[in-house]
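Undergrad: My structure is below; once you've seen it, I'll send some questions.
All of the numbers you see were taken from the coordinates with simple rules; none came from a lab. The model shown is predicted, which means the values in this text are computed figures rather than measured ones. Note that each Cβ is placed from the backbone with ideal geometry, even for glycine, and that neighbours are counted across all protein chains shown.
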Amino acid sequence: AQTVTQSQPEMSVQEAETVTLSCTYDTSESDYYLFWYKQPPSRQMILVIRQEAYKQQNATENRFSVNFQKAAKSFSLKISDSQLGDAAMYFCAYRSADTGNQFYFGTGTSLTVIP
Amino acid sequence: NAGVTQTPKFRILKIGQSMTLQCTQDMNHNYMYWYRQDPGMGLKLIYYSVGAGITDKGEVPNGYNVSRSTTEDFPLRLELAAPSQTSVYFCASSYGRLDTQYFGPGTRLTVL
């Protein structure tokens with residue numbers, strides 16, 4: 001099974017500053033999808049950004065961008081101009097493009113935004 | 001659209017009791033999923049369905065059952081509740097296998 005590792009259990013950032021959350025994964029597959037999900041205190045899982053492994057260009061969604069390094073199996077999330085509403089748990093997830101319906105999630109990073 | 005709705009939001013069960021967690025989506029999605037999230041962990045897939053009448057096991061199916069009689073509904077059944085099933089349960093849906101999954105708000109279940 002694939003594994004997804006988030007090595008930062010907790011992170012904090014000053015409001016309006018930039019923060020980067022790390023994620024690494026282990027796979028022997030060449031085609032797959034990577035995701036960052038946000039889980040605020042309401043518990044609902046919200047998709048932040050999605051990256052297809054065959055695309056070399058890094059995905060961007062407004063203040064959120066990723067640094068996808070396929071050879072290094074690294075998928076970090078950068079949040080620019082951090083806002084109080086960005087405070088949440090962030091989960092990195094992996095999904096194969098070829099086989100099955102399994103999502104593999106990391107253990108999450110708790111982000112605190114300091115006013 | 002309401003998206004994905006789950007009921008109940010909270011539930012406390014005694015060991016050995018049974019219950020059904022309800023999940024409904026109004027987006028005409030083919031795929032539906034049940035996950036559990038234990039404290040400090042990511043989500044793990046319990047069961048999924050690729051369409052009405054078709055279900056399959058995920059990573060942690062033991063102790064659970066599902067059915068999919070309609071496109072909209074995907075209930076999760078716990079037959080003999082055990083303390084190890086204390087968790088937060090999320091339902092999700094997607095149009096296709098590789099499409100974005102939309103999650104419900106979750107059900108917090110405690111088994112005492």
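Undergrad: Condition test on B:Val60, is it among the β-branched types (Val, Ile, Thr) and touching a Leu at 6+ places or on another chain (Cβ under 6 Å)?
TA: For B:Val60, the condition - among the β-branched types (Val, Ile, Thr) and touching a Leu at 6+ places or on another chain (Cβ under 6 Å) - is not met.
Undergrad: Another question, if that's okay. Where the second residue is among the hydroxyl-bearing types (Ser, Thr, Tyr) and the first is part of a loop (DSSP other than H, G, I, E, B) and lies in segment A:48-60, which pairs have Cβ atoms under 6 Å and are six or more apart or on separate chains?
TA: From segment A:48-60, the pairs are A:Ala53/A:Tyr32.
Undergrad: Quick one: in segment A:38-47, which of the residues that are touching a residue at least 12 places away in the same chain (Cβ under 8 Å) and surrounded by 15 or more Cβ atoms within 10 Å (Cβ to Cβ) is farthest from the other protein chains (Cβ to nearest Cβ)?
TA: By that ranking, first place goes to A:Lys38.
Undergrad: How many of the residues in segment A:62-115 are within 14 Å of chain B (Cβ to nearest Cβ), loosely packed, with under 15 Cβ neighbours inside 10 Å and either small (Gly, Ala, Ser) or touching a helix residue (DSSP H, G or I) at 6+ places or on another chain (Cβ under 9 Å) (or both)?
TA: Number satisfying all stated conditions: 2.
Undergrad: Let me ask something else. Quick one: in segment B:79-112, of everything that is at the interface with chain A (Cβ under 9 Å from one of its Cβ atoms) and of a type in the set (D, E, K, R), which residue is nearest to the chain's Cα centre (by Cα)?
TA: B:Arg108
Undergrad: What is the residue count in segment B:31-46 for residues that are surrounded by fewer than 24 Cβ atoms within 10 Å (Cβ to Cβ), touching a residue at least 60 places away in the same chain (Cβ under 8 Å) and either more than 10 Å from chain A (Cβ to nearest Cβ) or under 14 Å from A:Gly108 (Cα atoms) (or both)?
TA: 1
Undergrad: Any residue in segment A:20-27 that is loosely packed, with under 12 Cβ neighbours inside 10 Å, out of contact with any His (no Cβ under 8 Å at 6 or more places or on another chain) and not in a helix (DSSP H, G or I)?
TA: no
Undergrad: Taking the criterion of being in contact (Cβ under 8 Å) with a residue 60 or more places away in the chain and either under 27 Å from A:Cys92 (Cα atoms) or more than 14 Å from chain A (Cβ to nearest Cβ) (or both), would at least one residue in segment B:62-76 satisfy it?
TA: Within segment B:62-76, not a single residue is in contact (Cβ under 8 Å) with a residue 60 or more places away in the chain and either under 27 Å from A:Cys92 (Cα atoms) or more than 14 Å from chain A (Cβ to nearest Cβ) (or both).
Undergrad: Here is a follow-up. Residues that are β-branched (Val, Ile, Thr), at least 3 per element: which strands (runs of 3 or more DSSP E) completely within segment B:1-111 meet that?
TA: B:4-7, B:107-111
Undergrad: Now for a separate question. So, in segment A:61-75, of the ones that are in a strand (DSSP E or B) and of a type in the set (A, V, I, L, M, F, W, C), which residue ends up nearest to A:Tyr25 (Cα to Cα)?
TA: A:Phe75
Undergrad: So is B:Lys57 of a type in the set (D, E, K, R), surrounded by 16 or more Cβ atoms within 10 Å (Cβ to Cβ) and within 14 Å of chain A (Cβ to nearest Cβ) or not?
TA: Here the answer is no, as B:Lys57 does not meet what is asked.
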